[in-house]
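Trainee: Take this structure first; my questions come after.
Only the coordinates and a few stated rules stand behind these numbers; no lab work does. The structure displayed is predicted, hence computed values, not measured ones. Glycine gets a Cβ as well: all are built from the backbone with ideal geometry, and neighbour counts include every protein chain shown.
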Amino acid sequence: MSSLLKPFSVCEGPCESCGVRRGCPGSAPHHQPSSRRLAAAAAAAGPGSLPTHQRSYAARRNLAAAAIGGRKLTHPGKAILAGGIAGGIEICITFPTEYVKTQLQLDGRANPPRYRGIGDCVKLTVQDHGLRGLYRGLSSLLYGSIPKSAVRFGTFEMLSNPMRDHTGRLDNTRSLLCGLGAGIAEAIVVVCPMETLKVKMIHDQCSLRPRYRGFFHGVSEIIREQGVRGTYQGLTATVLKQGTNQAIRFYVMNLLRNWYKGDDPRKEMHPIVTAMFGATAGAASVFGNTPLDVVKTRMQGLEAHRYKNTVDCAFQILKQEGPQAFYKGTVPRLGRVCLDVAIVFVIYEEVVKLLNNVWKTQ
């Protein structure tokens, strides 16, 4: 009778050796605590109160509970596939704004500026090269956007899944850190060489006699003349830009998602809501790191040899063009990024939902 009145103790939960050692109290089915019970006891007692094997057990059960009772955890493989699809579709829609932004950033004040503004840039480009001119450099960005988004979302899910609580909720500070990690990974693996090629090809179009006849010709010429290092110009600026970019975007997106869902992690987000939150996250990242984007663009242009390093580039821009130069191309970048992030998050979420129906994972 005394055993029936004995209060529940976390120490009586199943241990790793239950399956092979007789007499373990956790081996009896009626003594095994549920994931919610074990998680609640762990939260009440504090993380340091549980033995190591029971803490790891609780973490595994929390992840399982998240997939069942709250937001379904996204398998990294699904994140990679969905991210790649979203990135490819997005860049085909938004590239003309990226082209205009890059041209305005390369149009330094040291020499008489060629363009008077966004409209003038579009007008002169179409006048000289036709509508296809607004898509010059698309191939280099398209070839890179698919793996870029794949690496970004795959890394984010890989980092964030173990950090979620038993409902699948990710707190805002951890989303900032996971976004930072995702941005650094995509910068090193994909973005830096991709952006260098894109900027060189767009800059080459400003020349009286363009040298590059296409993506593969441009790549071969750059590597022949400068080696592989030629595709990694501005790496420091790119890592800083992409790291802060994704940290801000995932932080804002997660903040708005948690606010919207409140205490109900199962609450579905309509694609329009996702798009609005994505656009807001994109706008926050633009105002937060456009100066880094300007420095990165200059470091990757055809005149990058003028700068000793990233700091020297920033100093020369400040000295020769003034602080306002760090926000060149903000308006076209704002339009592109807001549309970019909104499209990517909507397509990503919808593709993940589709993959969950055809690709069963735990």
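Trainee: In percent, how large is the relative contact order of the range 246-362, given Cα pairs closer than 8 Å and 6 or more residues apart?
Mentor: 34
Trainee: Within a 10 angstrom radius of the beta carbon, how do Asp293, Asp171 rank from fewest other beta carbons to most?
Mentor: Asp171, Asp293
Trainee: Summing Lys, Arg as +1 and Asp, Glu as -1, what charge do residues with Cβ under 12 Å from the Cβ of Ile343 carry, Ile343 excluded?
Mentor: So the environment of Ile343 carries a net charge of -3.
Trainee: Holding the Cα-Cα limit at 22 Å, pick out from Lys101/Lys241; Lys148/Lys200; Lys261/Lys360; Lys200/Lys308; Lys148/Lys241; Lys101/Lys123 the pairs that are longer than that.
Mentor: Those over the limit are Lys261/Lys360.
Trainee: Each label point is 7 Å from the Cα along the Cα-to-Cβ direction; what then is the distance between the points at Leu131 and Arg114, in nm?
Mentor: Those two pseudo-labels are separated by 2.3 nm.
Trainee: Something else: Assuming a ≥ b ≥ c are the square roots of the Cα gyration tensor eigenvalues, decide whether the range 76-358 counts as rounded (a/c under 1.5), prolate (otherwise, with a/b larger than b/c) or oblate.
Mentor: prolate
Trainee: OK, next. For the range 203-280, which trypsin sites (Lys or Arg not before Pro) pass both filters: DSSP loop (anything but H, G, I, E, B) and at most 15 other C-beta atoms within 10 Å?
Mentor: For trypsin sites (Lys or Arg not before Pro) across the range 203-280 that sit outside H, G, I, E and B with at most 15 neighbouring Cβ atoms in 10 Å, the list reads Arg211, Arg213, Arg266, Lys267.
Trainee: Sort out for me the Cα centre separation of the range 277-355 from the range 76-139, rounded to whole Å.
Mentor: 12
Trainee: Cross-link candidates for Lys353: which aspartates and glutamates have Cα within less than 14 Å, leaving aside residues fewer than 8 places away along the same chain?
Mentor: Those aspartates and glutamates meeting the cut-off are Glu268.
Trainee: A further question on this structure: Taking the Cα centre as origin and putting +1 on Lys and Arg beta-carbons and -1 on Asp and Glu beta-carbons, what dipole magnitude results for the range 76-358, to the nearest 20 debye?
Mentor: Its charge dipole is roughly 540 debye.
Trainee: Taking Lys267 as the anchor, which aspartates and glutamates have their alpha carbon closer than 16 Å to its alpha carbon, excluding any fewer than eight residues away along the same chain?
Mentor: Excluding near neighbours in sequence, the set is Glu349, Glu350.
Trainee: Given labels modelled 7 Å from the Cα in the Cβ direction, how far is it in nm from Arg213 to Arg229?
Mentor: For the pair Arg213/Arg229, the computed spacing is 2.9 nm.
Trainee: Using Cβ contacts closer than 10 Å as the measure, can you line up Lys319, Lys123 from fewest to most?
Mentor: Ascending number of Cβ neighbours within 10 Å: Lys319, Lys123.
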